[in-house]
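Asks: Let me begin by handing over the structure; questions about it come next.
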Amino acid sequence: MSSVDQPTIIRLVLAIWYIVLSHSDILCYFMIFLNQIKTATFLSLPLPLMVFLWGTLSIPRPSKTFWVTIIAYTEILVLIKCLFQFQILPWNKRQSLYPFYPPRIIGVERRSDYALWDLLLLLIVFFHRFLLKYLGLWKSTFVPAGILEDGDYRISGDELQAVQEDASRLASKTSLYQKPSPTKPRMLISLSTYSVHYPYSFVRKGRNVKYSRFLPAYINTLIKQKSVGVAGHSGAIQPITVIRKGSDLQKLVEESEGSIGSRGSRASRGSRGSKAESTGSQEVVTVHTEQVHPCANFYTSLRMAGSRYGDTLKLFVTQLMDPTSRVAVDVYSYMFLCDFFNFFVLLVGYSSFGPQQGDEGVQAYLEENRVPVLFLLMLILQFTLIIIDRAIFLRKYIVGKIIFQFLQIIILHIWLFILYPLITERGFNSALAPQMYYVVKCFYLLLSAYQIRCGYPTRILGNFICKGYTYLNMFLFKGFLAIPFLFELRTIMDWMWTDTSMTIFDWIKMEDIFAHIFQIKCTRHAETEFPQPRGERKTPIIKYFMGGAGLILMIAIIWFPLVFFSLGNAVGKSNIPYDLTVDLRIGPYQPIYQMSVQSNSIYGFNSTDWDRLLKTYEENKTALTFISNYEAGDVAAIKFSVDSASVWSISPPDHKRMLDEIVSNNPLTIRFQYQVSHKSNTKEDSGIIREEVEIVIPAKENGQINPTRKKLYEMLSGSHSVLPIPLEYIFPKFIKVTNKGTARLISRLMGKGDDPRATTLRHVTIGHNVSKATQDEPPKEWWQLREICDPDEYNFREYFVSLPYSDNCESLVMYTFNDKIFPSQLNFIAAGGILGTYMLYFMVAFRTVRTVKGNPFHSTWYLDMPNLDRIYALIQDIYLVRAMRLYALEEDLFAKLIFILRSREMAIKMTRHFGNAYNPEFVYERHPTSHKSASISSSTSGSVNKRYLNM
């Protein structure tokens, strides 16, 4: 079955598989990152460092040496971990929870899955190795080598042929690959490096032997590129003594005093000088070996090794700096998105990065109006990284980018894998936010390395959102403009780090023009892609779909605050009091009755209690209307004991003054205070609400001494025959507790009486009790407070008897109706109340809608431009000449753009469709004598009319 005939899902799977095959190196990198995240140890840390500092910066791709190093290091890593898994090791017998515990942070801790991620990494890397071998990219450079005996060799083509000396050697022919004789010394010719290497004694005076005079082209080429050495019996590398014999004999090895090479050369010439005549003008190589101690050239070897690897590093950096091997790309947009995402990771997940344990995070900081210094520092540093990266991108500074890349790699791994466990005392992989930050930062570093390898483009193509002209591009661009200060920040940075002849004000003007023109061009592009026939009415589907959506949106904006507060019961939580305290005092003296109750005496209504309450008031429509605003969980019954919780211990002087005030002709004030404590999340409500009810007892009633004051005086004077004294309209039966810090009396749940206070307050009686004195204790005084329960009273008979938790006045019972508390996430909306929310909400919503709608009357001349290609092309030309550093032409083109847009008539002419009969053809010509003058000639179809307009 061909690929065309396969099902779509199969083709999709195959396409994904081919993507994986074509980017298997990225898969290996990701596995290395995942391995580091899961292990987070020092032993695994070199793997990502090798990826970032070596593999991703290799041109054109990571070498075989890199992958072999990764494989070898991972295998060694598995072996080391395996060796440290034995129970006999002391640190495996007892483990610590400290994240910087040495066996744990190093990576040799005993674990059941100690090598899981390393083996998975090896599996992926071997898969990549198989692909490289399949493609022929897993190759090594072949280094030819030959072993020769001492003697003379004639150069014959590409071979060295032994000179005939006896019968045993007549048929001998030694090539570069001939096996050595087991009895004679051997010489190894190794072609391995780029320069000729000699012992230190041979090159002390800086003289090098050149072989280009006598060797054939093939061998000459090899020797020019590689080095030639000799392996003697001791294994030390020795120079080859080469003599050209014949009539044009030249001394190729210059003598050096005391040098081993010179002595070898003279001995060779003395022993075989007679053979020169027989060979004539043939080219002969004489091989002579001499035993040297292996350490004789130790320092020279070190210097040569350093030079070799130093040259490799130099070549690595040179390739990064060489622009000829690059195909420029622009991946800054993706790098910016990675940094932008990490900014929000730090913002939302700061509690995972900071040293605070159990911190509530940024939301708690905002509610408490405080900003930790570390949190601010992290955000500023992340923002600074974005700014620096933008500056390097605009300057196209590849050296700065390489330095910035290396600094980020080193600091990132030191921070997350060394400092983070030390500061927070938590493992790196114990929280999600650091892992997300590291993964996204790794993708950023991969993109950054790709940008370094390929280089920066000559022309920066502006905002990546503006690469297309669809509705998606337009709405994304509008969102970009809607973010406060983002457009201005980007504009100023672009002006700072871009070479231009414009002033900052002209630059801002230019960017603003482009922003408007781009949005209009997107609109024109959409009209072209989805043309509307002329002279046809809009179908009802389009009208109701678009118009209905807009209508619903506007209605929702208008009615949202009311709906929000109306449905507050659906999103709010019940908030009954957790403490309620009452006291009754006569005048300014110590309270005669005090009582405080907590949750054990506060009863929230359940469904049974709620049904009983509704049945009690089923005939009172006013009461039912009020009750319908609440739910069962919003109502609570509070029971107070009739006996005061504290002993009345008034001092004798205050007791005397109280008696004097009671018998005086001044009004006597009695206050009943109650304090409600409940949860609150608004500034208006502190959570503690204090209210009081006050009654005044006059000195006389109907011209006679007030009987209440008379009985109170007798009771305080020690008379035990006085019955409890009634106090009218002082005890609140029903209270409405709001989120605004008020606890108001409710008047709808009690019937009307002769006095208006009868709808909110109840009568009580106060009684004075004195205990008998004993030898151990003096007499103690306390007061009692009881609600008057008269079976003939209307409210008691009709309502109070049937109410839940009513116990026939055995205790004081108070009922509270409590507003729901909004969740803290929605409190910022509900905090200002309905009016405050409406005012603020309407102002913001109206300004937003008006900004989106714009002012079509004054902007019609440019919003309805039919063809923006000329103006848009002119803007692109300005960007192009700026990138080409043609600053005079940049000024000319910008002046032309301003000239067109400041004249509506000229803009109309420039934006007509191509082929329009009234469409002039504009030719822009540079003035031959001035860099800042130009002419625009226009010709209509009826006549040719040239006008030169100097700008």
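Any read-out appearing in this document is the output of simple, stated calculations on the displayed coordinates, not a laboratory observation. For clarity, every value in this text was computed on a predicted model and none was experimentally measured. In this analysis, Cβ positions are derived from the backbone assuming ideal geometry, glycine residues included, and neighbour counts consider all displayed protein chains.
Asks: Rounded, prolate or oblate: which fits the stretch 409-481, taking a ≥ b ≥ c as square roots of the Cα gyration tensor eigenvalues, rounded meaning a/c under 1.5, else prolate when a/b beats b/c?
Replies: In terms of gyration-tensor shape, oblate.
Asks: Summing Lys, Arg as +1 and Asp, Glu as -1, what charge do residues with Cβ under 14 Å from the Cβ of residue 770 carry, residue 770 excluded?
Replies: It works out to a net charge of -2.
Asks: Still on this structure: Out of residues 5 or more away from residue 283 or on other chains, whose amide H comes under 5 Å of its own, with H placed 1.01 Å from N in the peptide plane?
Replies: So residue 283 has HN proximity to 155.
Asks: Give, as a single signed number, the net charge of other residues whose beta carbon lies under 9 Å from the beta carbon of residue 632, with Lys and Arg counted +1 and Asp and Glu -1.
Replies: -4
Asks: To make sure I understand, if each residue's beta carbon is the centre and we count other beta carbons within 10 Å, what order do 412, 422 fall in, fewest to most?
Replies: So the ranking, lowest neighbour count to highest, is 422, 412.
Asks: Between residue 13 and residue 562, how high is the FRET efficiency from 1/(1 + (r/R0)^6) when r is the Cβ-Cβ distance and R₀ = 51 Å? Nearest 0.05.
Replies: Efficiency computed from Cβ-Cβ geometry: 0.45.
Asks: Structure shown: which of 401/478; 733/820; 38/81; 615/679; 509/909; 639/820 lie over 25 Å apart, alpha-carbon to alpha-carbon?
Replies: Over 25 Å Cα-Cα: 401/478; 615/679.
Asks: Full extension from residue 471 to residue 106: what is 0.36 nm times the residue separation minus their Cα-Cα distance, to one decimal in nm? Don't jump to the answer; show the numbers that get you there.
Replies: Working: separation 365, 0.36 × 365 = 131.40 nm, distance 5.34 nm.
126.1 nm is the gain from fully extending residue 471 to residue 106.
Asks: Continuing with the same structure: I'm a student and want to see the number: the projected area of the Cα convex hull of the stretch 579-821, averaged over all directions, in nm².
Replies: Its average projected convex-hull area is 15.5 nm².
Asks: Still on this model: Kirkwood Rh over Cα pairs of the stretch 456-583 into Stokes-Einstein at 37 °C, 0.692 mPa s: D in µm²/s?
Replies: Working: Rh = 20.2 Å.
Reported coefficient: 163 µm²/s.
Asks: Now for a different question. For the stretch 719-768, rounded, prolate or oblate, judged on the Cα gyration tensor with a ≥ b ≥ c (square roots of eigenvalues), a/c < 1.5 rounded, else prolate if a/b > b/c? Write out the running numbers ahead of the final one.
Replies: Values: a/c = 4.51, a/b = 1.87, b/c = 2.41.
In terms of gyration-tensor shape, oblate.
Asks: Once phi is turned into ³J(HN,Hα) by the Karplus curve 6.51 cos²θ - 1.76 cosθ + 1.60 with θ = phi - 60°, what whole-Hz value does each residue of the stretch 400-416 show in order, with x for glycine and proline?
Replies: Couplings: x, 5, 5, 4, 4, 5, 5, 5, 4, 4, 5, 5, 4, 6, 5, 5, 6 Hz.
Asks: What order do you get for 589-601, 686-698 when each peptide is scored by the mean count of other beta carbon atoms within 10 Å, highest first? Intermediate results must be reported in sequence, preceding the final value.
Replies: Numbers: 589-601: 17.0, 686-698: 13.9.
The peptides rank, most packed first, as 589-601, 686-698.
Asks: May I pose another question? What is the distance, in nm, between label points placed 7 Å from the Cα along the Cα-to-Cβ direction at residue 410 and at residue 486?
Replies: 3.4
Asks: With a cut-off of 8 Å between alpha carbons and a minimum separation of six or more residues, what is the relative contact order of the stretch 492-644 in percent? Mind dumping the intermediate values first?
Replies: Working: 89 pairs, mean separation 27.5, N = 153.
Relative CO of the stretch 492-644 lands at 18 percent.
Asks: Which Rg and Dmax, in Å, describe the Cα atoms of the stretch 361-489?
Replies: 18.2, 51
Asks: Would you mind giving the average projected area, over all directions, of the Cα convex hull of the stretch 8-134 in nm² with one decimal?
Replies: One quarter of the hull surface, i.e. the mean projection, equals 9.7 nm².
Asks: Sort 75, 728 by Cβ crowding within 10 Å, fewest neighbours at the top.
Replies: The fewest-first ordering by Cβ neighbours comes to 75, 728.
Asks: Hand me the chymotrypsin sites (Phe, Trp or Tyr not before Pro) from the stretch 682-760 located in a DSSP loop with no more than 11 other Cβ atoms within 10 Å, in residue order please.
Replies: Hits after loop and neighbour filter: nothing returned.
Asks: Quick check on packing: order 118-131, 47-60, 481-494 by the mean number of other C-beta atoms within 10 Å, highest mean leading.
Replies: Values: 118-131: 17.1, 47-60: 18.9, 481-494: 12.9.
Result, highest mean first: 47-60, 118-131, 481-494.
Asks: OK, next. Using Cβ contacts closer than 10 Å as the measure, can you line up 448, 747, 721 from fewest to most?
Replies: 721, 747, 448
Asks: Moving on to the next point. Which chymotrypsin sites (Phe, Trp or Tyr not before Pro) does the stretch 377-468 hold that lie in a coil by DSSP with at most 15 other beta carbons within 10 Å?
Replies: Within the stretch 377-468, the qualifying chymotrypsin sites (Phe, Trp or Tyr not before Pro) (loop, at most 15 other Cβ atoms within 10 Å) are 397.
Asks: Could you please report the charge total around residue 473, scoring K, R as +1 and D, E as -1 over all other residues with beta-carbon less than 12 angstrom from its beta-carbon?
Replies: That works out to +3.
Asks: Got a sec? Charge dipole of the stretch 453-527, +1 on Cβ for Lys and Arg, -1 for Asp and Glu; which of 484, 457, 501 is way out at the positive end?
Replies: Of 484, 457, 501, it is 457.
Asks: Of the GluC sites (Glu not before Pro) in the stretch 518-624, which ones lie in a loop per DSSP and count no more than 13 other C-beta atoms within 10 Å?
Replies: Listed in order of number, the matching sites are 536, 618, 619.
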